[in-house]
Amino acid sequence: MKKYVLPLIFLFLILFSNSCSQKDDTTSRTIPLELLKDKIAGGWAGKMIGVTYGAPSEFRAQGLTYEDTIRWKPSDVKGAIWQDDIYVQLTFMMTMDQFGMDAPGKKFQENLAKAGYPLWHANVQARKNYFDSIFAPQSGHPDYNLHADDIDFQIESDYIGFMCPGMPQSAVRLAEKPGHVMNYGDGYYGGVFVAALYAEAYFENDIPKIIEKALLSIPAESDYAKLIRDVMILHQEYPDDWRSAWKDLEARWGSEHICAPGTSFNIDAKVNGAYIVMGLLYGNGDFLKTMEVATRCGQDSDCNPSNAMAVLGVINGFSQFPEEWQEAVRAIGDSLFIHTNYTFNKAVEKTAEYACSLVLAGGGKVTGKTITLNLEQPQAPPLEISFPQVVFDRRVSVFETSGGWEKKGNWTNYIRSKRNTTPQALCSDTPGDELVFTFNGTGVSLNGNWLRTGGLADIYLDGEFKRTVDCYFFFAGQEHLNMDLYHITGLQPGKHTLRVLVKGDKRPEAEAARVYLTEAVVFKTADKKSETEVFSFLK
């Protein structure tokens with residue numbers, strides 16, 4: 001069993017010498033290879049500890065703070081072996097192992113799509129898009145992925161930051177292809193921001209400075225950056241009261257998310273990213289306090305303490321974790337994360353290898369037990385906005401007789417199970433059957449089921465053919481109900497007509513050619529607020 005532990009005196013001397021050299025040399029850093037590995041191990045272990053700490057509370061507090069007792073013990077870290085926060089991103093590392101660090105986006109998407117584990121939200125849409133021949137980067141684009149702003153890449157980009165010590169530009173470059181497999185705009189920036197946090201944490205231990213520097217790696221005009229800056233302002237206003245800061249933040253940013261409109265469920269990257277930052281700021285370097293605050297902020301409350309704890313892991317190194325925590329991680333250090341060929345120990349070694357390669361590519365040196373790297377200045381990618389000013393208006397079930405639906409042909413009620421006889425969808429496999437929805441708004445999402453019996457339908461908007469959609473889905477044992485089949489935003493305000501035409505055709509592996517429709521979600525365009533109005537709650 002490999003151990004990443006340095007004597008405390010030696011570690012102190014190294015950190016002291018690094019801090020001294022920082023005053024004299026602002027363009028390069030020298031770090032012992034063992035210290036680099038210790039920080040990498042701290043990042044991976046922090047990820048594992050944080051995700052198991054918060055797992056029991058995941059989405060149990062939506063639009064609320066989580067106030068139940070948090071019970072966690074170090075041995076619980078063994079649960080990280082089964083956590084998608086870990087094994088999904090290791091799929092991307094395995095893609096790099098196969099095809100190199102500059103592997104095409106389609107290869108990242110292909111390996112994600114063909115992996116044997118279930119997926120949700122932006123990831124599962126990227127999987128469906130792959131099998132529908134919608135390839136990266138279009139697979140994460142808002143035209144083809146209603147979850148473009150979701151948290152997925154934010155919880156899967158850790159490996160990138162871990163291998164980019166002091167090199168945020170390299171992190172942004174590495175994030176571009178896998179990040180656009182499933183995300184775009186703020187969803188993509190979430191992954192970039194998290195990766196940049198780690199890159200900056202290697203040679204800085206002041207948490208506000210790390211956050212400020214990481215913000216330079218995403219566009220300042222993005223909502224993601226604005227939200228993180230709001231958290232920092234609120235921390236100054238309520239330095240000892242995270243709950244008051246949370247309430248003010250919720251008042252401005254906590255409204256429903258476009259992938260689950262009209263509900264309190266919020267898997268938006270920037271809101272959950274704010275909870276990472278709240279954990280870091282209010283935790284003030286304390287491991288348990290950081291995880292507690294990030295968890296109690298709610299929503300995706302296993303992912304957020306996982307990211308926050310990983311930042312502290314990079315700052316401090318694995319050797320500075322409590323000994324009991326270190327022992328718990330070492331106990332599973334050679335256990336495979338499910339669906340991967342990676343263990344904790346292998347992840348540390350391979351991440352260090354990639355880090356050395358990136359250091360060399362950046363003009364640095366790797367000599368024996370020492371690494372000298374050229375520091376990189378942050379540079380943000382271009383601005384992307386997934387759904388500008390799009391807000392939820394209403395949901396209209398296909399069973400609402402006065403809701404704007406017009407049915408033509410042999411549509412029947414689909415009942416999901418014998419125990420629940422309430423119709424869940426309208427269903428047809430008869431060629432030429434139509435369902436027409438007339439609405440007033442500037443956007444619409446047509447929802448239906450993805451099932452192994454699903455078939456094809458053509459979509460028309462205001463009489464113009466848009467594309468063919470497929471209700472088939474059966475991958476990794478999953479089917480999905482009430483999913484987005486087709487959506488469009490940015491329409492001119494007014495009356496529009498959406499028409500669904502059953503083709504009576506299917507892909508070869510489908511068991512039938514049925515089209516399942518459940519509801520339409522109508523969107524409208526929000527009035528643009530002035531900067532004064534936007535920030536009024538902080539005054």
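Things worth noting here:
- Any hit, the stretch 345-368, residues being under 23 Å from GLY42 (Cα atoms), in contact with a Leu (Cβ under 7 Å, 6 or more places away or on another chain), among the polar types (S, T, N, Q) and surrounded by fewer than 18 Cβ atoms within 10 Å (Cβ to Cβ): no
- Strands (runs of 3 or more DSSP E) lying entirely in the stretch 402-446 (those with 1 or more residues that are among the aliphatic types (A, V, I, L, M)): 425-428, 434-440
Conditions (1) touching a Leu at 6+ places or on another chain (Cβ under 6 Å); (2) of a type outside the set (A, V, I, L, M); (3) at pLDDT below 95; (4) surrounded by fewer than 13 Cβ atoms within 10 Å (Cβ to Cβ), marked per residue:
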| position | (1), (2), (3), (4) |
| --- | --- |
| ASN374 | no, yes, no, no |
| PRO381 | no, yes, no, no |
| ILE385 | no, no, no, no |
| VAL398 | yes, no, no, no |
| THR401 | no, yes, yes, yes |
| ASN410 | no, yes, yes, yes |
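Table: residues versus (1) of a type in the set (Val, Ile, Thr); (2) under 26 Å from MET278 (Cα atoms); (3) assigned by TED's automatic domain parsing to the domain that holds ILE315; (4) not in a helix (DSSP H, G or I).
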{"position": "ASP97", "(1), (2), (3), (4)": "no, no, yes, no"}
{"position": "GLN154", "(1), (2), (3), (4)": "no, yes, yes, no"}
{"position": "GLN169", "(1), (2), (3), (4)": "no, yes, yes, no"}
{"position": "VAL192", "(1), (2), (3), (4)": "yes, yes, yes, no"}
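- Filter result for GLU67 (more than 22 Å from PHE153 (Cβ to Cβ), at pLDDT 95 or above and not in a helix (DSSP H, G or I)): yes
- Of all the residues in the stretch 406-437, those that are in contact (Cβ under 8 Å) with a residue 60 or more places away in the chain and more than 30 Å from ASP186 (Cβ to Cβ) number 16.
- Tally, over the stretch 111-139, of residues that are surrounded by fewer than 19 Cβ atoms within 10 Å (Cβ to Cβ) and either in the same structural domain as GLY191 (by TED's automatic domain parsing) or among the charged types (D, E, K, R) (or both): 2
- The condition of being within 20 Å of ASN205 (Cβ to Cβ) and part of a loop (DSSP other than H, G, I, E, B) holds for GLY285.
- Entirely in the stretch 298-382, the helices (runs of 4 or more DSSP H) that have 2 or more residues that are of a type in the set (Ser, Thr, Tyr): 344-361
- Annotation note: Cβ proximity below 8 Å between a residue of the stretch 149-173 that is closer than 23 Å to HIS121 by Cβ and touching a residue at least 40 places away in the same chain (Cβ under 8 Å) and a residue that is among the acidic types (Asp, Glu) and not in a helix (DSSP H, G or I) (sequence gap 6+ or interchain) occurs for ASP149/ASP268; ASP150/ASP268; ILE151/ASP268; ILE151/ASP300; ILE155/ASP300.
Yes or no, residue by residue, for (1) within 22 Å of GLY187 (Cα to Cα); (2) without any contact (Cβ under 8 Å) to a residue 40 or more places away in the chain; (3) under 15 Å from the mean Cα position of the chain (by Cα):
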residue: ALA61; (1), (2), (3): yes, no, no
residue: ARG71; (1), (2), (3): no, yes, no
residue: PRO74; (1), (2), (3): no, no, no
residue: ILE81; (1), (2), (3): no, no, no
residue: GLN89; (1), (2), (3): yes, no, yes
residue: MET93; (1), (2), (3): yes, no, no
residue: GLN98; (1), (2), (3): no, yes, no
residue: MET101; (1), (2), (3): yes, no, no
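- With respect to the stated conditions, PHE108 is crowded, with 24+ Cβ neighbours inside 10 Å and in contact with a Phe, Trp or Tyr (Cβ under 8 Å, 6 or more places away or on another chain).
- On the stretch given as the stretch 110-129, residues that are under 20 Å from MET483 (Cα atoms) and in contact (Cβ under 8 Å) with a residue 24 or more places away in the chain total 13.
Yes or no, residue by residue, for (1) closer than 24 Å to SER445 by Cα; (2) not in a helix (DSSP H, G or I):
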| site | (1), (2) |
| --- | --- |
| VAL124 | yes, no |
| TYR144 | yes, yes |
| GLY187 | yes, no |
| LEU197 | no, no |
| LYS213 | no, no |
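- Within the stretch 140-178, being more than 9 Å from the chain's Cα centre (by Cα), under 19 Å from ILE258 (Cβ atoms) and surrounded by 24 or more Cβ atoms within 10 Å (Cβ to Cβ) holds for GLY140, ASN145, LEU146, HIS147, ALA148.
The values are calculated or read from the model by the stated rules, or taken from the named source; none is laboratory data. Every value quoted in this text rests on a predicted model; they were computed, and no experiment measured them. Note that each Cβ is placed from the backbone with ideal geometry, even for glycine, and that neighbours are counted across all protein chains shown.
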